[in-house]
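The values are calculated or read from the model by the stated rules, or taken from the named source; none is laboratory data. Note that the structure is a prediction, hence the values are computed from the model and not measured. Here Cβ is always computed from backbone atoms with ideal geometry, including for glycine, and neighbour counts include all displayed protein chains.
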């Protein structure tokens, strides 16, 4: 199987900055829907080796969950080119997750890049 990264406070930022496409699963060991989703997440990682899949245990690394304002789990965050383009809360099945991945692959990043460029140039001040 493709490796699913355990994302921690030590490797989270580096993972986002060094990879163009990352899907993050926010979970906790006591969360039954989270545990049910793990095999789906792992299977998607195996089928999409060009995407980095990572899991954040919000009990072990609450500061990551707090930063992203994760209030409910399971939760997904899709990141492309260092920008969050989709967030999903709640239990989903494999077909819905496959659709999210397909949508994220096809998402036109032009508007996001333009917006980030304007922010970097201070055009919103």
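Does residue 108 satisfy being at pLDDT below 95 and part of a loop (DSSP other than H, G, I, E, B)?
yes
Any residue at all in region 75-92 that is out of contact with any helix residue (DSSP H, G or I) (no Cβ under 8 Å at 6 or more places or on another chain) and in a loop (DSSP other than H, G, I, E, B)?
No, that holds for no residue.
Run residue 100 past the list (1) out of contact with any helix residue (DSSP H, G or I) (no Cβ under 9 Å at 6 or more places or on another chain); (2) buried (at least 16 other Cβ atoms within 10 Å of the Cβ); (3) at pLDDT below 95 and report the number of the one that doesn't hold.
(3)
Considering only residues that are surrounded by 13 or more Cβ atoms within 10 Å (Cβ to Cβ) and either out of contact with any strand residue (DSSP E or B) (no Cβ under 9 Å at 6 or more places or on another chain) or free of Cβ contacts under 8 Å to residues at least 40 places away in the same chain (or both), look in region 48-59 and name the one that is farthest from residue 21 (Cα to Cα).
Among them, the one singled out is 59.
Would you mind finding the one in 120, 63, 42 that is in contact (Cβ under 8 Å) with a residue 12 or more places away in the chain, out of contact with any strand residue (DSSP E or B) (no Cβ under 7 Å at 6 or more places or on another chain) and exposed (fewer than 13 other Cβ atoms within 10 Å of the Cβ)?
63
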